[in-house]
Amino acid sequence: MLGLGATELVFLVVPIAILALGVGLWLARRRAAHTYLDLDLLTPIEVQARAHDLIEVGRFDDAVELIRKESRVSSHTAEQVANALLAGHVLPGVPTMEEDDLPTTIRRLVAEGRRKQAVFLARSHEDMSRSEAEAFVDSLTSPEQDL
């Protein structure tokens, strides 16, 4: 074939085959959909509520440290979370396999004396403002609700 010996043919065909395989893999990878989700900013609602308490009393650095330790994230990420809390935002909580629905969980948290966590949970799940979430929690835990 083309006046080439067996050795010369191998030296010609093998690199071409490797090149063709590499190009094929590269094209296949480019066609694949790539999705990126920054999971570092998922912070448990309980940690957000406790960190917010620290921020409210002027202990921002302690809040960052709490977020860093409890959420097991970098200092930079913990500071981002704390800044979001300082600005009045609530970040998505860590997805859990809770057996109760949202109203039942909120009632339980309030009964346990964790009203702030209940408000943060409502804001996170229902994308509510702080005042809307507080009204929602109040509507679920008001004495008239028991009638």
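Charges only on Cβ, +1 for Lys and Arg, -1 for Asp and Glu: so what's the dipole of region 96-142 about the Cα centre, in debye to the nearest 20? Provide the component values of the computation, followed by the final result.
On the way: 7 positive and 10 negative charges, 59 e Å.
Using only the charged Cβ atoms, the result is roughly 280 debye.
Order the peptides 124-134, 50-60, 13-23 from the highest to the lowest mean number of other Cβ atoms within 10 Å of their residues. Mind showing how you got there, number by number?
Values: 124-134: 14.5, 50-60: 16.1, 13-23: 10.1.
Packing proxy ranking, top to bottom: 50-60, 124-134, 13-23.
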Q: For every other residue with a beta carbon closer than 9 angstrom to the beta carbon of Ala133, add +1 if it is Lys or Arg and -1 if Asp or Glu, then tell me the sum.
A: -1
Q) Which semi-axis lengths, in whole Å and largest first, follow from the square roots of five times the eigenvalues of the Cα gyration tensor of region 96-142? A) 15, 13, 9
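Where a number appears in this text, it was derived from the coordinates with a stated rule and is not lab data. Keep in mind the model is a prediction, meaning the values are calculated, not measured. Every residue, glycine as well, gets a Cβ built from its backbone with ideal geometry; the counts of neighbours run over all protein chains shown.
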